[in-house]
1. Is it the case that region A:81-91 has a residue that's under 18 Å from A:LEU109 (Cβ atoms), surrounded by fewer than 24 Cβ atoms within 10 Å (Cβ to Cβ), modelled with pLDDT of 95 or more and aliphatic (A, V, I, L, M)?
2. Among the residues that make up region A:265-272, is at least one of them basic (Lys, Arg), touching a residue at least 40 places away in the same chain (Cβ under 8 Å) and either on the phi < 0 side of the Ramachandran plot or within 14 Å of chain B (Cβ to nearest Cβ) (or both)?
3. Quick check, is B:GLU38 within 30 Å of B:ILE194 (Cβ to Cβ), open to solvent by less than 70 Å² (accessible area, probe 1.4 Å) and not small (Gly, Ala, Ser)?
4. All but one of (1) part of a helix (DSSP H, G or I); (2) surrounded by fewer than 18 Cβ atoms within 10 Å (Cβ to Cβ); (3) in the same structural domain as B:ASP80 (by TED's automatic domain parsing) hold for B:GLU174; state the number of the condition that does not hold.
5. Hey, can you tell me all the residues within region B:209-224 that are assigned to a helix (DSSP H, G or I) and either open to solvent by 10 Å² or more (accessible area, probe 1.4 Å) or over 14 Å from A:HIS240 (Cα atoms) (or both)?
6. Restricting to region A:57-78, name every residue that is outside any loop (DSSP other than H, G, I, E, B), small (Gly, Ala, Ser) and open to solvent by 50 Å² or more (accessible area, probe 1.4 Å).
7. Against the condition touching a Lys or Arg at 6+ places or on another chain (Cβ under 9 Å), assigned to a strand (DSSP E or B) and open to solvent by less than 30 Å² (accessible area, probe 1.4 Å), how does B:ILE33 come out, does it pass?
8. So, in region A:19-30, how many residues would count as being open to solvent by 10 Å² or more (accessible area, probe 1.4 Å) and under 22 Å from A:ALA286 (Cβ atoms)?
There are 2 protein chains.
Amino acid sequence: MVTASAPGKVILFGEHAVVYGEPAIAGAIDLRIRVRAEKTAKSLKITSETKDHRYVEKAVDVVFEHLGEATGLMIDISSDLPPASGLGSSAAVSVATIAAVANLLGHDLGKNEIARLGYKVELGVQGAASPTDTYTTTHGGIQYIQPRKKGFTPIQASLPLVVGYTGIERSTKELVAGVRKLRDAYPELVSPLIKNIGMVTRQARKSLEAGEDVGDLMNINHGLLEALGVSNDALSRLVHASREAGARGAKLTGAGGGGCMIAYTPGRYRDVINAIEGCGSTAMKAAISAEGVRLE
Amino acid sequence: MVTASAPGKVILFGEHAVVYGEPAIAGAIDLRIRVRAEKTAKSLKITSETKDHRYVEKAVDVVFEHLGEATGLMIDISSDLPPASGLGSSAAVSVATIAAVANLLGHDLGKNEIARLGYKVELGVQGAASPTDTYTTTHGGIQYIQPRKKGFTPIQASLPLVVGYTGIERSTKELVAGVRKLRDAYPELVSPLIKNIGMVTRQARKSLEAGEDVGDLMNINHGLLEALGVSNDALSRLVHASREAGARGAKLTGAGGGGCMIAYTPGRYRDVINAIEGCGSTAMKAAISAEGVRLE
């Protein structure tokens, strides 16, 4: 029996702008998905709190194919992450499954190999995917993403965060399409706005590397996302409630339209959690996780 | 006895950016202040719902000095505008007082003269002032403001609006200083953001003149103001509640940090008023007023 775990992720800066070639910054968070794999004589049996087993099934296929081996499996999944919340649970479960099954079969895949196979799982299930989630959950830490170079660069920094979850599921595809529609309607206004998000992200990298406060930069980034039309009432309430409770900065994270927001809360996480819960939403303390996928 | 009235105003586009030389658009709204002036043997006596009579007293001084005449006066003021809400009540009461008192003394001042004297009143009371409020309340309609040319150009357009008032008083001075501080901390991020507001305002002028929908432009402008840090929980709630109730666009208006927001509500003003009142705030239907100061 082998147990592997992998962390969830948040986008710290640059969501949506990354679609247009601007950089983004993602961070692994210490809310993890654990995958326990055991050999059985029978075929695949999965137990988890969710009914959507597509990523686990695809991950088993992908790792069997990669290794040229197969076995009967019993897989049990437990998670700190709300599903479909934009915190990268599908990438984390894919990557943790690959690591657990490979190890169970006596193989120690390198991290780049695991990330590559994880990306293949997301591509297989979704048809289209970004490598950001699978790369970040595999390697952990904070990653600076340059889409035009197809490259990831780790940023050494710690960041005390609170994640607030609106409970609202949303379609990333529709939100990305909405931004494109706005950009097509007003290219001369929206293109500089997207470039401005890229500038904020570059500055955030510098500030993080220098150990400086990134609260104002998160707030600016949130406003620019509001301008792109991807915030909504629920996200905006949590963002403002967090700031009024003492967060240094707060922004929606990921696609917007629901899902999650993050608050940067040096020394004030309890007040901020209370403020978010006071809005009827779920709040989770979430530090950056230096560790990516690991065997337990 | 003479009664003069003058309209309140909202900033439709460009607040804060106008401080840095970008254009702005202001609109007179059909919520008015009425000033009734009557000659008496005694000195000045003012009755109104508010206790702050500084603008009225200064306006009487300024108009007496301008005309080289004086008289005992009884002045009664009634207003559709909440005081200190950022809807230009001080400019409206100054301008209406000047028109009423001049007329009572048998003089018919031209509008440019009234606007100039009104600006003098605001300068005298506040120490510093922008001519926007007094110009707009005097001339009415929608005014395109070019601070670098010190010029106003009327825009012919109608605009069904709802004004939501948070009930929160705020200091314009502090909010303007906050933007300056952010700009000083991150000039290379905040300067393009301010320029972007200017671009939105120029586009809004074109769209208004063409009779096109300016909802998206109001939403973009609001997001950019969020990015400048001048929105807050109360404003943001009213903005999002209005949009979810069917407003085509919504933004804070004026300095932010409290005060008012506006929603662009073609055909949906009742739903939007209900949504704002549902947040515990005051909502007022407010079409653009083509008429500025007038004798009743």
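The values are calculated or read from the model by the stated rules, or taken from the named source; none is laboratory data. Because the structure is a prediction, the values reported are computed rather than measured. We place every Cβ from the backbone using ideal geometry, glycine too, and count neighbours over all the protein chains shown. Note: areas computed on protein heavy atoms with side chains; ligands, DNA, RNA excluded. Shrake-Rupley method; radii C 1.70, N 1.55, O 1.52, S 1.80 Å.
1. Pass one, region A:81-91, residues under 18 Å from A:LEU109 (Cβ atoms): A:91.
Now drop any that are not surrounded by fewer than 24 Cβ atoms within 10 Å (Cβ to Cβ), which leaves none.
No.
2. Looking only at region A:265-272, we keep the residues that are basic (Lys, Arg), and these are A:268, A:270.
Checking the rest, the ones that are also touching a residue at least 40 places away in the same chain (Cβ under 8 Å) come to none.
Among the residues of region A:265-272, not one is basic (Lys, Arg), touching a residue at least 40 places away in the same chain (Cβ under 8 Å) and either on the phi < 0 side of the Ramachandran plot or within 14 Å of chain B (Cβ to nearest Cβ) (or both), which makes the answer no.
3. Details: within 30 Å of B:ILE194 (Cβ to Cβ): no; open to solvent by less than 70 Å² (accessible area, probe 1.4 Å): yes; not small (Gly, Ala, Ser): yes.
In short, no.
4. Among (1) part of a helix (DSSP H, G or I); (2) surrounded by fewer than 18 Cβ atoms within 10 Å (Cβ to Cβ); (3) in the same structural domain as B:ASP80 (by TED's automatic domain parsing), the lone unmet condition for B:GLU174 is (3).
5. As a first pass, look at region B:209-224 and keep what is assigned to a helix (DSSP H, G or I): B:209, B:215-224.
Result: B:GLU209, B:GLY215, B:ASP216, B:LEU217, B:MET218, B:ASN219, B:ILE220, B:ASN221, B:HIS222, B:LEU224.
6. The first filter runs over region A:57-78 and keeps only residues outside any loop (DSSP other than H, G, I, E, B), leaving A:57-67, A:72-78.
Filter again for small (Gly, Ala, Ser), leaving A:59, A:72, A:78.
Passing the criteria: none in range.
7. Working: touching a Lys or Arg at 6+ places or on another chain (Cβ under 9 Å): no; assigned to a strand (DSSP E or B): yes; open to solvent by less than 30 Å² (accessible area, probe 1.4 Å): yes.
The answer is no for B:ILE33.
8. Keep residues of region A:19-30 that are open to solvent by 10 Å² or more (accessible area, probe 1.4 Å), which gives A:19-22, A:30.
From what's left, under 22 Å from A:ALA286 (Cβ atoms): A:30.
Matching residues across region A:19-30 total 1.
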